[in-house]
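Undergrad: Would you mind keeping the following structure in view while I ask a few things?
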Amino acid sequence: MNVAGVLTTKKELSSRNELTEPLLVRWLLIAAALVFLGLFLLVPLAAVFSQALEKGFEAYLAALKEPDALAAIRLTLITAAISVPLNLIFGVVSAWSIAKFDFPGRSFLITLIDLPFSVSPVISGLIYVLLFGLQGWLGPWLQAHDIKIIFAVPGIILATIFVTFPFVARELIPLMESQGKDEEEAARVLGASGLQTFWRVTLPNIRWGILYGVILCNARAMGEFGAVSVVSGHVRGSTNTIPLHVEILYNEYNYVAAFAVASLLGMLAIVTLVAKSFVEWRIRTVKGEE
Amino acid sequence: MKKSQRHNVLPGFGLTLGYTIFYLCLIVLIPLSALVFKTATMSWGDFVAAVTAPRVMASYRVTFGAALLAAAINAVFGVLVAWVLVRYRFPGKRLVDALVDLPFALPTAVAGITLASVYAPNGWIGKLLEPHGIKVAYTPLGILVAMVFIGLPFVVRTVQPVLEEMEAELEEAAACLGANRLQTFVRVLFPVMLPSILTGFALSFARAVGEYGSIIFIAGNMPMVSEITPLLIITKLEQYDYAGATAIASVMLLASFIMLFAVNLLQKWSRRFAG
Amino acid sequence: MSIEVRNITKSFGGFTALKDVSVNIPTGELIALLGPSGCGKTSLLRIIAGLETPDQGSIHFHGADTTGRDVRERKVGFVFQHYALFKHMTVFDNIAFGLQVRPRKTRPSKNIIADKVHELIRLVQLEGMADRYPSQLSGGQRQRVALARALAVEPQVLLLDEPFGALDARVRQELRRWLRRLHDELHITSVFVTHDQEEALEVADRVVIMNAGQVEQAGTPEDVYDHPATPFVYNFLGNVNLFHGRVDQGQAKMGAMELSTPELAAVPDRPAVGYVRPHDLELERTYSDSSSVEAAVRHIHAVGPIVRIELERGDTFETMEAELTKDAYQKLALLVGERIFVRPRKYRVFVDDYQI
């Protein structure tokens with residue numbers, strides 16, 4: 001920004017602020033907000049990395065290279081790689097049916113889709129135990145056929161799908177609703193097939209919304225703890241995701257290793273926030289251009 | 001397409017709605033109904049005994065009490081943060097705005113261990129509080145801190161858009177009519193913000209009630225004192241008391257449905273003056 | 001109370017909204033600030049109200065400098081373009097707001113407030129609507145609530161920003177006349193902003209025409225319409241025919257048309273534009289003098305009391321429009337395609353030293 005630009009913003013500021021609080025009140029409020037956020041957000045985030053590097057970079061790397069840690073990372077990646085695409089497909093499909101069509105029970109369906117957000121993660125795990133566990137409905141049948149879901153990887157994936165279920169759909173439904181269906185109808189009138197309409201008209205319009213949903217969905221899928229904790233057998237090296245591995249290390253008082261592994265998730269959080277801000281900025285500029 | 005779908009020229013309604021409902025049933029509704037059916041197999045007496053045992057009642061008190069308090073704290077500071085972010089300019093504002101979502105992005109287990117270490121007697125903040133006789137980690141106060149952390153974005157994110165869309169003319173009109181800043185805030189701005197504050201409060205409360213990961217590390221988990229209900233469910237499960245766990249879970253589920261309903265009502269209410 | 005605007009300059013960033021603007025508004029008058037969007041009229045209104053501060057210049061209410069005075073102390077009533085009604089308050093509470101927020105010492109009692117509000121509700125003809133919310137009112141009703149709310153604090157000056165801008169044509173007409181009657185009753189010094197010339201000319205005692213941050217002309221509606229001071233005002237108020245040519249020492253030549261312009265006697269050979277209102281064009285069957293020009297009748301729109309005739313000049317092939325009364329039209333017995341002579345009865349020539 002050049003000097004003139006700086007002056008311009010200053011000028012606008014002074015004229016826009018004809019009705020605002022006195023400078024002192026303004027700075028007190030800003031200070032109070034920043035202290036609150038600093039205490040509750042910034043300090044804990046900084047603590048993750050500080051604790052991870054407490055014993056030096058060597059110890060940090062060693063904790064990450066440990067076979068159990070690597071196994072946890074692998075399982076977390078697998079879980080996200082399965083649950084995110086499934087929920088992405090669901091999100092797009094459900095948003096198409098809900099946003100582009102009107103039918104009775106539509107708003108109830110939206111509420112149902114949002115349901116997993118209002119269920120405690122512990123309950124999200126519990127319901128799969130009740131379904132597939134040894135004492136559950138399908139438990140005996142599964143045991144007879146030697147299929148293990150609970151305390152095994154499939155259970156972890158199922159619970160993860162449940163807790164991340166609404167992310168993409170809830171971004172896309174309002175977005176596609178606000179876009180209406182004029183463009184799709186125009187494409188149909190011009191002779192496009194249903195799929196052509198979707199690929200060439202709808203998808204380009206919602207791609208940032210999809211990305212937004214996927215970023216949030218992925219962050220939760222990789223970081224879910226409560227639900228996964230219930231269905232995982234907590235077996236080191238085989239049914240531990242990164243968050244569960246962090247828990248085990250922490251409970252063994254191996255703080256440096258726990259925070260080292262946790263710092264991976266901390267970085268994931270930072271990447272998520274940056275990506276999210278970027279996409280929000282993109283969506284705003286796209287809107288601004290229209 | 002056999003029939004015309006309400007004169008809609010767009011295809012795929014049956015297919016996409018069918019898939020939506022199928023997937024919804026498979027992942028969400030059938031598993032959730034397992035909880036209901038499992039609860040239904042219990043006798044009424046057993047159920048009541050399971051959900052009203054002294055240790056369970058204590059856990060409700062801790063969980064709901066702390067969640068209520070945390071949501072109240074978040075309502076106050078959430079409005080403050082939203083106000084500051086929308087109304088004022090200061091260096092690093094965009095960074096702060098992005099940081100508000102940290103509790104959504106940071107996995108709960110990480111939040112749990114880092115809050116525990118920061119607020120422990122030898123931690124960064126705990127060290128400062130210790131001399132004043134304030135213990136946060138491993139006490140009910142720790143539960144409150146964790147709940148404030150995870151519920152923080154809700155009020156900010158519900159109030160922020162309302163503040164952004166508020167017409168400047170409303171304040172100008174109030175000023176022309178002689179109202180001072182405080183009167184303008186209390187009588188003109190606050191009523192407009194209120195539905196979104198309450199919505200954020202309810203969301204923050206609901207989230208805190210169900211929260212597990214970020215709390216258990218800092219809570220101390222003393223039965224009757226600092227044991228939250230979700231932890232109690234897990235404890236019962238580990239003791240193979242499936243019925244007991246399920247009964248408590250169904251109470252929690254009911255509570256979250258009530259919250260969900262309340263939020264829906266609030267949103268309807270907030271639209272009553274629109275138009 | 002009189003308002004005096006002295007040499008106000010205001011810029012937003014790099015954009016200068018007002019350049020050295022001075023306007024005098026005598027007590028009790030209803031003034032229209034008229035101009036195209038972006039001409040600075042709303043900025044001027046907001047500066048008078050105290051919602052913006054000028055970079056230079058001053059505002060005087062009744063002779064006293066109020067430039068630095070806070071908006072809350074100015075005792076102005078401001079009606080916003082989109083009304084800015086408080087949506088969560090009833091009509092009653094909206095109107096009572098200004099009285100209820102007064103400091104305890106000067107605040108009237110509940111009963112007095114209620115009486116006053118009901119009186120205002122009667123004044124703006126909204127009896128029986130006191131308990132409604134703004135969302136339950138029509139646009140015109142909301143406008144009247146906004147007006148009543150502004151009047152409740154007994155302002156010494158009433159300022160209205162595009163008061164009828166958001167209403168449909170019929171309601172607009174009705175409310176316009178009603179505002180005029182209301183002003184005749186209350187006699188509060190009032191300023192309203194509009195981009196609609198018809199509205200300004202019909203309602204206001206005096207019209208201030210603004211363009212690009214400056215005042216082009218101020219005067220009574222008749223004055224500004226009949227004697228536009230600048231080419232801009234000619235263009236902006238009503239239809240006008242333009243004749244392009246040159247002026248040299250008091251004589252303008254536009255194609256075959258020659259007009260005498262004694263007021264430009266001192267101007268040496270320069271490009272010039274002549275402005276003639278359609279109703280100031282005389283149509284004749286015979287050539288009378290050198291100010292006449294031959295033209296062909298292209299179209300005749302004979303609907304209504306005024307007949308509009310589209311003409312094509314024989315010399316430059318430019319299009320002109322003339323307006324005749326039905327009587328004159330019938331006397332002439334014009335037909336499409338005929339050739340006749342056109343002579344400006346009244347005209348004004350400006351030296352073309354700027355681009356529109």
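Undergrad: Just tell me which lysines come within less than 26 Å, Cα to Cα, of C:LYS326; anything on the same chain fewer than 8 places away is out.
TA: Straight-distance partners of C:LYS326: C:LYS346.
Undergrad: Shifting gears a bit: Normalised by the number of residues in the stretch A:204-268, what is the relative contact order in percent for Cα pairs under 8 Å and 6+ residues apart?
TA: Details: 34 pairs, mean separation 15.0, N = 65.
Answer for the stretch A:204-268 is 23 percent.
Undergrad: Spelling out what I want: for every residue of the stretch A:214-227, take phi, set θ = phi - 60°, compute 6.51 cos²θ - 1.76 cosθ + 1.60 (Karplus), and round to whole Hz; glycine and proline get x.
TA: Couplings: 5, 4, 5, 4, 5, 4, 6, 4, 6, x, 4, 10, x, 5 Hz.
Undergrad: What does the average come to when, for each residue of peptide B:94-104, you count the partner chain Cβ atoms lying within 10 Å of its Cβ?
TA: Values: counts 2, 3, 7, 3, 8, 8, 3, 9, 11, 4, 8.
Across B:94-104, the average partner-chain Cβ count within 10 Å equals 6.
Undergrad: Right, next: Per residue of the stretch C:149-156, in order, report the coupling 6.51 cos²θ - 1.76 cosθ + 1.60 (Karplus, θ = phi - 60°) as ³J(HN,Hα) in whole Hz, putting x for Gly and Pro.
TA: Rounded to whole hertz, the list is 4, 5, 6, 4, 7, 6, x, 8.
Undergrad: Can I ask one more? Roughly how crowded by other chains is peptide B:202-213, in terms of the mean Cβ count from those chains within 10 Å of each of its Cβ atoms?
TA: 4
Undergrad: Work out the FRET efficiency for B:PHE257 and C:VAL303 from their Cβ-Cβ distance, taking R0 = 56 Å, and round it to the nearest 0.05. Before the final figure, lay out each step's value.
TA: Working: r = 67 Å, r/R0 = 1.20.
With a Förster radius of 56 Å, E is 0.25.
Undergrad: Given an 8 Å cut-off on Cα distances and at least 6 residues of separation, report the relative contact order of the stretch C:198-356 as a percent. Don't skip to the answer; put the middle values down first.
TA: On the way: 321 pairs, mean separation 32.2, N = 159.
Result for the stretch C:198-356 is 20 percent.
Undergrad: What does the convex hull of the alpha-carbon atoms of the stretch A:148-290 project to on average, in nm²?
TA: Values: hull surface 43.9 nm².
About 11.0 nm², averaged over all directions.
Undergrad: Here's something else I'd like to know. Treat every Asp and Glu Cβ in the protein assembly as shown as -1 and every Lys and Arg Cβ as +1, leave all other atoms uncharged, and give the resulting dipole magnitude about the Cα centre to the nearest 20 debye. Don't jump to the answer; show the numbers that get you there.
TA: Working: 84 positive and 84 negative charges, 481 e Å.
Magnitude of the dipole: close to 2320 debye.
Undergrad: Using Cα-Cα distances under 8 Å and only pairs 6 or more residues apart, what relative contact order does chain B have, in percent?
TA: On the way: 303 pairs, mean separation 78.3, N = 275.
With pairs under 8 Å counted, the relative contact order is 28 percent.
Undergrad: Mind scanning A:LYS276/C:LYS10; C:LYS75/C:LYS116; A:LYS181/A:LYS287; C:LYS75/C:LYS110 and naming the pairs with a C-alpha gap bigger than 28 Å? Intermediate results must be reported in sequence, preceding the final value.
TA: On the way: A:LYS276/C:LYS10 40 Å; C:LYS75/C:LYS116 17 Å; A:LYS181/A:LYS287 17 Å; C:LYS75/C:LYS110 21 Å.
Going by Cα-Cα distance, A:LYS276/C:LYS10 fall outside the 28 Å limit.
Undergrad: Summing +1 for each Lys or Arg and -1 for each Asp or Glu, what net charge is found among the other residues whose Cβ lies under 15 Å from the Cβ of A:ALA72?
TA: Residues near A:ALA72 contribute -2 overall.
Undergrad: Mind checking the mean number of beta-carbon atoms from other chains within 10 Å of the Cβ atoms in A:264-274? Spell out each step's value before the answer.
TA: Values: counts 2, 7, 7, 0, 4, 9, 5, 1, 6, 10, 2.
Shielding by partners across A:264-274 averages 5.
Undergrad: I need the calculated FRET efficiency for the pair B:MET222 and C:ARG132, taking r as the beta carbon distance and R₀ as 60 Å, to the nearest 0.05. Could you put the intermediate results ahead of the total?
TA: Numbers: r = 57 Å, r/R0 = 0.95.
Given R0 = 60 Å and the Cβ-Cβ separation, E is 0.55.
Undergrad: Along the Cα→Cβ direction, 7 angstrom out, place labels at C:GLU263 and B:LYS127. What is the inter-label distance in nm?
TA: 8.5
Undergrad: I've got another one for you. Quick one: putting +1 on the C-beta of Lys and Arg, -1 on the C-beta of Asp and Glu, what dipole do you get for the stretch A:208-290 around its Cα centre, in Debye to the nearest 20?
TA: Numbers: 6 positive and 6 negative charges, 25 e Å.
I would put it at about 120 debye.
Undergrad: Check cross-link reach from B:LYS93 to the aspartates and glutamates: straight Cα distance under 20 Å, and skip same-chain residues fewer than eight apart.
TA: A:GLU12, A:GLU21, A:GLU280, B:ASP101, B:GLU164, B:GLU165
Undergrad: Another question about this same structure. Pull up all non-local amide H partners of C:ARG277: gap of 5 or more, or a different chain, and H-to-H distance under 5 Å with H placed in the peptide plane.
TA: Answer set, sorted by chain and number: C:ASN241.
Undergrad: Given only helices, namely DSSP H runs of n ≥ 4 each adding -39500 (n - 2.57), what is the per-residue ellipticity at 222 nm of the protein assembly as shown, to the nearest 500 deg cm²/dmol? Spell out each step's value before the answer.
TA: Numbers: 39 runs with 509 residues, N = 921.
About -17500 deg cm²/dmol.
Undergrad: Then there's this: Could you tell me the largest-minus-smallest coordinate of the C-alpha atoms of the stretch B:166-241 on each of the three principal axes, in descending order and whole angstroms?
TA: Result, largest extent first: 68, 18, 16 Å.
Undergrad: The stretch C:298-356: percent of C-alpha pairs farther apart than 14 Å? It would help to have the intermediate numbers written out before the result.
TA: On the way: 1081 of 1711 pairs.
The calculated P(r) of the stretch C:298-356 puts 63 percent of pairs beyond 14 Å.
Undergrad: If you don't mind, another one. Two decimals is fine: what is log10 I(q)/I(0) at q = 0.04, 0.09 Å⁻¹ for the protein assembly as shown, from a Debye sum with one equal scatterer on every Cα and no solvent?
TA: -0.30, -1.05
Undergrad: Convert each backbone phi in the stretch C:99-109 into a coupling constant with the Karplus relation 6.51 cos²θ - 1.76 cosθ + 1.60 (shift: θ = phi - 60°), then list the ³J(HN,Hα) values in order as whole Hz, x for Gly and Pro.
TA: Along the stretch C:99-109, the couplings run 7, 5, 8, 5, x, 3, 5, 9, 6, x, 6 Hz.
Undergrad: Let me ask something else. If I take the Cα coordinates of the stretch C:58-141 and project them onto the principal axes, what are the three extents in Å, biggest first?
TA: 42, 32, 23
Undergrad: Still on this structure, please answer the following. Sort B:127-135, C:16-24, B:146-154 by packing, meaning the average of other beta carbons within 10 Å per residue, with the highest value first. Walk me through the numbers on the way to the answer.
TA: On the way: B:127-135: 11.4, C:16-24: 18.9, B:146-154: 26.7.
Ranked from most to least packed, the peptides come out as B:146-154, C:16-24, B:127-135.
Undergrad: Considering the options A:GLY223, A:PHE132, A:THR285, tell which one lies farthest towards the positive end of the dipole of chain A, charges being +1 on Lys and Arg and -1 on Asp and Glu at the Cβ, about the Cα centre.
TA: The listed residue farthest towards the positive side: A:THR285.
Undergrad: Counting only Cα, what are the radius of gyration and maximum Cα-Cα distance Dmax of the stretch B:123-275, in Å?
TA: Expressed in Å, the Cα Rg and Dmax of the stretch B:123-275 come to 20.9, 68.
Undergrad: What would the Debye formula give as log10 I(q)/I(0) at q = 0.12, 0.13, 0.15 Å⁻¹ for the alpha-carbon point model of chain C, no solvent?
TA: Here log10 of I(q) over I(0) equals -0.94, -1.03, -1.20.
Undergrad: Check the straight Cα-Cα distances from C:LYS331 and name the aspartates and glutamates below 16 Å, setting aside those fewer than 8 residues away within the same chain.
TA: Excluding near neighbours in sequence, the set is C:GLU282, C:GLU284, C:GLU323.
Undergrad: Starting from the Cα gyration tensor of chain A, take the square roots of the eigenvalues, sort them a ≥ b ≥ c, and report rounded, prolate or oblate (rounded when a/c is under 1.5, otherwise prolate if a/b is larger than b/c, else oblate).
TA: Working: a/c = 2.20, a/b = 1.15, b/c = 1.92.
It is oblate, given that a/c is not under 1.5 and a/b is not larger than b/c.
Undergrad: Cβ under 10 Å from C:THR319's Cβ, C:THR319 left aside: what net charge do those residues give with Lys, Arg +1 and Asp, Glu -1?
TA: -2
Undergrad: Placing +1 at every Lys and Arg Cβ and -1 at every Asp and Glu Cβ, with all other atoms neutral, what dipole size does chain A have around its Cα centre, in debye to the nearest 20? Walk me through the numbers before you get to the answer.
TA: Numbers: 21 positive and 22 negative charges, 62 e Å.
Dipole size: approximately 300 debye.
Undergrad: Packing-wise, with mean Cβ within 10 Å as the measure, how do B:35-42, B:157-164 rank, highest first? List each step's numbers first, then the result.
TA: Numbers: B:35-42: 16.0, B:157-164: 19.0.
Going from most to least packed, we get B:157-164, B:35-42.
Undergrad: Roughly how large, in nm² to one decimal, is the mean projection of the convex hull of the alpha-carbon atoms in chain B?
TA: Working: hull surface 87.4 nm².
It is 21.9 nm².
Undergrad: While we're looking at this one, here's another question. Quick one: angle between helix C:169-186 and the longest Cα principal axis of chain C, in degrees between 0 and 90, rounded to 10, please.
TA: Approximately 60 degrees, to the nearest 10.
Undergrad: Farthest toward the dipole's positive end in the stretch B:148-272, which of B:THR246, B:ILE234, B:PHE217, given Cβ charges of +1 (Lys, Arg) and -1 (Asp, Glu) about the Cα centre?
TA: Value: B:THR246.
Undergrad: Right, here's the next one. List the residue ranges in chain B for DSSP H helices whose C-alpha atoms run 24 angstrom or more along the long axis and whose Kyte-Doolittle average is -1.0 or above.
TA: On the way: long enough: B:54-87 (48 Å, 1.41); B:140-165 (39 Å, 1.44); B:190-210 (29 Å, 1.39); B:242-270 (41 Å, 1.38).
Qualifying helices, which must be both long enough and hydrophobic enough, are B:54-87, B:140-165, B:190-210, B:242-270.
Undergrad: Across all directions of projection, what mean area in square nanometres is found for the Cα convex hull of the stretch B:79-203? Mind showing how you got there, number by number?
TA: Numbers: hull surface 39.3 nm².
For the Cα atoms of the stretch B:79-203, the hull's average projected area reads 9.8 nm².
Undergrad: For chain A, set up a GNM with springs between Cα atoms under 10 Å and report which of A:TRP27, A:TRP137, A:TRP208 has the largest fluctuation.
TA: Maximum fluctuation in the GNM of chain A, among the listed residues, is at A:TRP27.
Undergrad: Once the dipole of chain C is set up with Lys and Arg at +1 and Asp and Glu at -1 on Cβ about the Cα centre, which of C:LEU332, C:GLY314, C:SER37 lies farthest towards its positive end?
TA: Farthest towards the positive pole: C:SER37.
Values in this text are rule-based calculations from the coordinates and carry no lab data. Remember, it's a predicted structure, so these values are computed and weren't measured experimentally. Neighbour counts are summed over all protein chains in view; Cβ atoms, including those assigned to glycine, are modelled from backbone coordinates with ideal geometry.
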